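So the structure is just underneath, and the comments pick up after that.
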Amino acid sequence: MVLSWPTVDVTLAVSAMAALWPLVLTARTGRADRLFGVRNIYRDVLQSLAAVVAIVAVAAAALSIPLGRPFLAAAAVLACGSIAVRLAVHRKLRRLRMRGRATRRTLLVGPAAAVTASLERFSRDGERPLAVVATCIEDDGSAPPAAIPVVSTIVRALPGHDDAVRNEELVLAVRQAAQRVRARTVCIAPGSEFTGDRLRALSWMLGDLGIDLVTDLGLSDVAPHRMGLGSMGSSVLMHVRQARPKGWRRAAKVATDRVLAGLILLALLPLLLAIAVAVKLTDRGPAIYRQVRVGRNGLFFTMFKFRTMYVDADLRRAELLDSADGDGPMFKMREDPRITRIGRVLRKYSLDELPQLINVLRGEMSLVGPRPALPEEVATYDGTARRRLAAIPGMTGLWQVSGRSNLSWGETVRLDLRYVDNWSYGDDLQLLGRTARVVVRSTGAY
């Protein structure tokens, strides 16, 4: 078979794009941190693809080579394939790190109380690239952590102690401790004596040994996309950006909510009617349960659900408070006698929450957001928990994909605040995908 000139031209263009692709992608992501990896998988791939397409398009225009659909299809295949491979590698690495593998031996340095707090933050959900194998304690009178061995204790300097001598002593103490436990990374906890010039001297010494240096700033639940590094004079500053949706990002979230909610309602209309009939036949009560909830900025709204309890459930709530399983203002009970048989099935697969799509269409809820709270729960909130009301409540969120009713009250608040403070459109899409898997497995549903 003889190829025509247009076909040969397009083949050459696609071949050139395939050859340039790994070079541009490597150059674009070559500065990824070797401890924490690439921050945004999708952005790096799409920006690299845009650069490759631009280069080939300019070259094709100069050579009068027409680029048609085959070229665009090849570009789409490259992008999708690269994203799929990177996601698979990231998930594999995450699973290994959750099991304590593919990590770096780390020495944690700082005051005992700060070291204990850092270890607690490190142990929370998420992948753990650093495995703390030992601590070097700066003696502050607090009890050292019991779970991690202490290989060295640094005595705080007395007034009048020579700074140059003190710097050498501290750096030498950390060096000896790191070498003793064969640490590949040293992490400095908040409140440590290692600041300013002393921290810089430590970085020089560790760099000569091939040991990485990281510092724990004491911040928790702040997403990487909100952090930026800058400088002023000779100081290095970290900027924590605000992340609440504004402008076009807020418009995109609202539009996605309304469009998807409408499409899902239309697609599931036969199922919704069947569920309504089944609930109605249970005890002749109403199929839809209406309940007042607290939305964004403390505004009340009526939330819709399929009724999963007997009609007198609200009247019986007070007598069951002493038997509740929750540790906070939320009422949770694994074997709630008020739930009907059909109600248990609906709750297991979250089918009772489908009418909340009407709340999403009305703008009272979002597909993704903090759990909508009851007024009596909000009445007990402290200043931290009240920040949950800064965002529109959602049908799903971090709380649902992380355990739902199995979570303690403190964990629920922490996850909701992480969502409120670190919102991004891409995270919403990922949470919707994770929700589907959690619902199928009925994780934490009762």
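So the values come out like this:
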item	result
Residues listed by number, the stretch 218-234, amide nitrogen under 18 Å from Arg387 label point at 7 Å toward C-beta	218-228
Potential extension, Thr153-Ala278 segment - 0.36 nm per residue separation minus Cα distance	38.3 nm
Sorted peptide list for 144-155, 344-355, criterion being average Cβ within 10 angstrom, highest first	344-355, 144-155
Mean Cβ neighbour count within 10 Å, used as a protection proxy, ranking 178-187, 197-206, 265-274 highest first	178-187, 197-206, 265-274
Cβ-Cβ FRET estimate between Ala251 and Asp208, R0 fixed at 35 Å, reported to 0.05	0.10
Pairs beyond 32 Å (Cα-Cα), from Lys246/Lys280; Lys246/Lys348; Lys253/Lys280; Lys92/Lys348	Lys246/Lys280; Lys246/Lys348; Lys253/Lys280
Hull volume in cubic angstrom per residue (convex hull over the Cα atoms of the stretch 247-441)	117
Label-to-label distance, nm, for residues given as Glu127 and Ser235 (7 Å Cα→Cβ offset)	3.4
Value of Rg to Rh for the stretch 183-249 (Rh from inverse mean 1/r over Cα pairs, i.e. Kirkwood)	1.07
About the Cα centre, charge dipole magnitude for the stretch 247-441 (Lys/Arg +1, Asp/Glu -1 at Cβ), debye	540
Part-to-part distance (alpha-carbon centres) for the stretch 243-285 and the stretch 85-141, which is given in Å	40
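Readers should treat all values here as calculations from the given coordinates under stated rules, not as data from a laboratory. Predicted model only: the values in this text are computed from it and were never measured. So basically every Cβ, Gly included, is an ideal-geometry build from the backbone, and we count neighbours across all protein chains shown.
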